[in-house]
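The values are calculated or read from the model by the stated rules, or taken from the named source; none is laboratory data. Quick caveat, the model's predicted, so the values are computed rather than measured. With ideal geometry, Cβ positions are generated from the backbone for all residues, glycine too; neighbour counts draw on all protein chains shown.
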Number of protein chains: 2
Amino acid sequence: MYTLIEQDGCAKSGELKTVHGTIQTPVFMNVGTVAAIKGAVSTVDLNKIGTQVQLSNTYHLHVRPGDQLIKKMGGLHRFMVWDKPILTDSGGFQVFSLAKLRTIKEEGVYFNSHIDGRKIFMGPEESMQIQSNLASTIAMAFDECPPHPADRAYIQTSVDRTTRWLVRCKNEMDRLNSLSDTINKKQMLFGINQGGTYADIRIEHAKVISDMDLDGYAIGGLAVGESHEDMYHIIEETTPYLPLNKPVYLMGVGTPANILEAVERGVDFFDCVYPSRNGRHGHAYTNHGKMNLLNAKYELDDRPIEEGCACLACQTYSRAYIRHLLKAKEMLGMRLLVLHNLYFYNNMMEEIREAIRSKQYKQYKKQKLEGFLRGE
Amino acid sequence: MYTLIEQDGCAKSGELKTVHGTIQTPVFMNVGTVAAIKGAVSTVDLNKIGTQVQLSNTYHLHVRPGDQLIKKMGGLHRFMVWDKPILTDSGGFQVFSLAKLRTIKEEGVYFNSHIDGRKIFMGPEESMQIQSNLASTIAMAFDECPPHPADRAYIQTSVDRTTRWLVRCKNEMDRLNSLSDTINKKQMLFGINQGGTYADIRIEHAKVISDMDLDGYAIGGLAVGESHEDMYHIIEETTPYLPLNKPVYLMGVGTPANILEAVERGVDFFDCVYPSRNGRHGHAYTNHGKMNLLNAKYELDDRPIEEGCACLACQTYSRAYIRHLLKAKEMLGMRLLVLHNLYFYNNMMEEIREAIRSKQYKQYKKQKLEGFLRGE
């Protein structure tokens with residue numbers, strides 16, 4: 001149940017009540033692909049950073065350790081020891097980006113596992129069943145995520161099929177939520193808007209899925225190679241046709257600047273691998289832009305990554321030490337940077353919520369973006 | 001300054017007062033080779049586990065990031081943010097095991113760096129200078145660590161040279177500790193007993209170095225391929241000839257059982273890579289022996305690694321989850337096992353101290369060894 005708390009221009013801030021607690025939005029969902037944040041970060045760490053939501057990948061967990069195993073272990077929350085909300089994706093994106101030899105049919109997708117090559121079929125019903133086994137707080141609808149660029153005719157065909165799949169997802173989720181051995185009988189379902197960079201297809205699709213009264217709506221199929229301007233334009237065109245009294249989730253986005261722009265256009269859920277992936281590669285997000293800790297200029301730098309940052313890395317260790325760890329390929333260096341980056345993202349979302357709720361979002365965003373560009 | 005607190009048979013428990021605090025013995029020193037514990041474990045974690053001493057490797061730090069850099073950063077304590085004692089080895093062991101194309105001369109050892117192949121010379125004075133730059137609490141004498149097996153004539157020649165090197169180490173350490181720009185002017189020096197598996201050479205050498213009134217004495221050159229029986233025999237023969245009022249350190253040893261046996265023979269300092277290395281490979285030390293978490297039987301095992309263990313891993317996560325992390329090659333799995341293993345080792349040392357101080361060591365050791373053999 002989503003409640004809109006404040007709007008500042010098109011930016012919105014709300015709260016989503018779930019069976020695993022309330023999520024304040026805008027929110028960043030921390031990506032734990034296989035039920036763990038990459039970079040040796042645990043759910044104990046996530047709690048300390050003050051994160052609200054964790055996101056796991058259905059396709060990965062289905063392949064290993066298997067959703068049946070996780071169901072036997074009491075669901076994903078119990079398995080990874082996390083009592084706050086978890087969103088699972090549908091598996092669709094990974095099927096379209098990772099799996100080999102795939103064939104799309106009306107019933108779903110046939111493909112080979114990227115781990116052991118075994119043949120798998122996944123359609124809307126299978127995706128819902130797997131996510132029900134995982135017992136996440138929020139399940140995502142099974143959609144087709146077409147490549148970019150794709151021609152108009154293909155996108156239209158694909159979006160129409162995605163709509164038919166969405167109806168099947170909703171029916172299957174309703175059925176699963178009514179079964180006695182389902183772990184989370186209040187599992188929510190978010191629909192996904194598609195349409196590539198064709199604004200009119202996006203809008204038409206947004207209208208159709210909005211009528212289905214789902215728990216939330218995502219904008220999918222962006223950040224797949226189009227320009228930032230195209231992405232912002234599509235968000236801007238689409239959000240007015242998604243319900244204001246439902247959360248809007250921009251899938252797989254993005255940089256801090258991307259998030260600031262998307263919030264201004266009405267998005268309130270985000271997820272992205274950048275903080276953990278870039279952390280593992282030696283990059284730190286700061287209010288003065290992204291730093292490459294491998295740079296020789298940090299060799300003797302006694303300062304924390306960011307002065308005033310409350311994360312474990314900044315509260316304890318110097319740039320020089322973290323740089324040394326990265327150069328020596330010590331896991332600890334990656335862990336410290338991932339902790340910092342996750343703190344940075346989650347803390348920025350808190351600032352964003354405060355800015356919207358005090359009607360100062362435009363000014364906040366301007367200052368923040370200027371800081372990113374200014375550098376140290 | 002070492003004070004013997006209690007003896008139970010040959011087992012001894014004491015305390016070593018250092019400029020970085022007091023060490024209660026017997027103690028396990030946690031190996032942070034390049035100023036970090038492998039497995040993404042930080043000094044913050046070490047403090048939480050309740051560890052007393054950290055050990056770093058002089059050779060590794062000399063090669064990268066360089067002891068001059070660490071001196072500029074205020075020494076190893078400040079660099080890695082650890083205010084308790086640190087022991088540094090002499091670099092000798094790594095020179096003899098890792099470096100390429102080495103030549104041993106009276107003045108020291110010429111060798112090529114294992115990182116970039118550059119030519120390095122290290123003798124007693126250089127080792128002391130590097131360790132003084134690192135500003136560790138305890139420096140180890142520069143010795144030759146001969147391979148096993150080695151013939152008697154070679155061992156005798158080598159031990160004699162090690163004795164001459166020890167005199168040079170002591171003189172150089174005294175000089176360095178008197179310099180105004182030395183960070184730790186109270187750096188301690190431990191001498192190292194050598195002699196391979198020749199008890200008479202070991203004893204003769206122990207007598208000679210004991211006369212030098214050093215801050216502590218190590219037994220080196222064991223756990224290099226000889227049998228456990230040979231190792232225990234040599235310890236037993238040697239410790240009576242080392243001063244009772246000085247700490248005795250058995251270098252690079254070992255399994256929990258090795259430690260229990262060596263404590264009984266009068267050893268009070270230990271270090272070993274097993275807890276972190278085996279943790280990274282999926283092995284957990286428990287009171288019921290070593291577990292391989294990769295074993296399929298743990299797939300659905302909801303229990304902690306060890307019931308009643310107070311470490312972060314056991315307090316929070318199941319065997320099934322940790323096994324999944326290891327299978328998925330998630331760093332978090334390694335971190336959790338390393339945290340558990342370090343806790344196990346450090347906690348066992350605390351039990352050992354209590355057992356000696358209450359004169360129940362024999363009984364404690366017997367029960368502990370029986371538990372290891374019993375299994376779950």
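Of all residues in the stretch B:26-50, which are touching a Lys or Arg at 6+ places or on another chain (Cβ under 7 Å) and under 22 Å from B:Arg265 (Cα atoms)?
B:Pro26
Quick check on this structure: which one of A:Leu55, A:Leu61 is out of contact with any helix residue (DSSP H, G or I) (no Cβ under 7 Å at 6 or more places or on another chain) and either in the same structural domain as A:Ser178 (by TED's automatic domain parsing) or within 23 Å of B:Tyr321 (Cα to Cα) (or both)?
Of the residues listed, the single one that is out of contact with any helix residue (DSSP H, G or I) (no Cβ under 7 Å at 6 or more places or on another chain) and either in the same structural domain as A:Ser178 (by TED's automatic domain parsing) or within 23 Å of B:Tyr321 (Cα to Cα) (or both) is A:Leu55.
Looking at the structure I just gave you, is B:Pro124 crowded, with 17+ Cβ neighbours inside 10 Å and free of Cβ contacts under 8 Å to residues at least 12 places away in the same chain? Please lay out each step first, then the result.
Values: crowded, with 17+ Cβ neighbours inside 10 Å: yes; free of Cβ contacts under 8 Å to residues at least 12 places away in the same chain: no.
Taking the combined requirement at face value, the residue does not satisfy it.
List the residue pairs whose Cβ atoms are under 6 Å apart, where the first residue sits in the stretch A:137-149 and is within 30 Å of A:Lys186 (Cα to Cα), the second is at pLDDT below 95 and outside any loop (DSSP other than H, G, I, E, B), and the two are 6 or more positions apart or on different chains.
Pairs that qualify, where the first residue is within 30 Å of A:Lys186 (Cα to Cα) and the partner is at pLDDT below 95 and outside any loop (DSSP other than H, G, I, E, B), are A:Phe142/A:Gly92; A:Asp143/A:Gly92; A:Cys145/A:Gly92; A:Cys145/A:Phe93; A:Cys145/A:Phe96.
Return only the number of the condition from (1) in contact (Cβ under 8 Å) with a residue 24 or more places away in the chain; (2) under 26 Å from A:Val63 (Cβ atoms); (3) more than 14 Å from chain A (Cβ to nearest Cβ) that B:Glu264 does not satisfy.
(2)
I'd like the full set of residues that are closer than 24 Å to A:Met349 by Cα, in a loop (DSSP other than H, G, I, E, B) and either within 12 Å of chain B (Cβ to nearest Cβ) or touching a Leu at 6+ places or on another chain (Cβ under 7 Å) (or both), limited to the stretch A:303-320.
A:Pro304, A:Cys311 - these are the residues of the stretch A:303-320 that are closer than 24 Å to A:Met349 by Cα, in a loop (DSSP other than H, G, I, E, B) and either within 12 Å of chain B (Cβ to nearest Cβ) or touching a Leu at 6+ places or on another chain (Cβ under 7 Å) (or both).
Any idea how many residues of the stretch B:1-42 are among the acidic types (Asp, Glu) and under 18 Å from the mean Cα position of the chain (by Cα)?
Our first condition is that a residue be among the acidic types (Asp, Glu); within the stretch B:1-42, this holds for B:6, B:8, B:15.
Those left that are additionally under 18 Å from the mean Cα position of the chain (by Cα): B:15.
Looking only at that region, the number is 1.
Tell me whether the stretch B:93-100 contains one or more residues that are touching a His at 6+ places or on another chain (Cβ under 9 Å), among the aliphatic types (A, V, I, L, M) and surrounded by fewer than 24 Cβ atoms within 10 Å (Cβ to Cβ).
yes
Give A:Lys105, A:Lys84 a once-over and let me know the one that is under 16 Å from the mean Cα position of the chain (by Cα), surrounded by fewer than 19 Cβ atoms within 10 Å (Cβ to Cβ), among the basic types (Lys, Arg) and not assigned by TED's automatic domain parsing to the domain that holds A:Lys329.
Numbers: A:Lys105 fails: under 16 Å from the mean Cα position of the chain (by Cα).
From the options A:Lys105, A:Lys84, the qualifying one is A:Lys84.
In the stretch B:321-339, is there at least one residue being over 18 Å from A:Gly66 (Cα atoms), surrounded by fewer than 22 Cβ atoms within 10 Å (Cβ to Cβ) and within 14 Å of chain A (Cβ to nearest Cβ)?
no
Quick one: which residue in A:Leu242, A:Leu260 is in contact with a helix residue (DSSP H, G or I) (Cβ under 6 Å, 6 or more places away or on another chain), over 22 Å from A:Phe372 (Cα atoms) and buried (at least 20 other Cβ atoms within 10 Å of the Cβ)?
Of A:Leu242, A:Leu260, the one residue that is in contact with a helix residue (DSSP H, G or I) (Cβ under 6 Å, 6 or more places away or on another chain), over 22 Å from A:Phe372 (Cα atoms) and buried (at least 20 other Cβ atoms within 10 Å of the Cβ) is A:Leu242.
Across the stretch A:37-61, what is the total count of residues that are touching a Phe, Trp or Tyr at 6+ places or on another chain (Cβ under 7 Å) and facing chain B (nearest Cβ under 10 Å)?
The total comes to 1.
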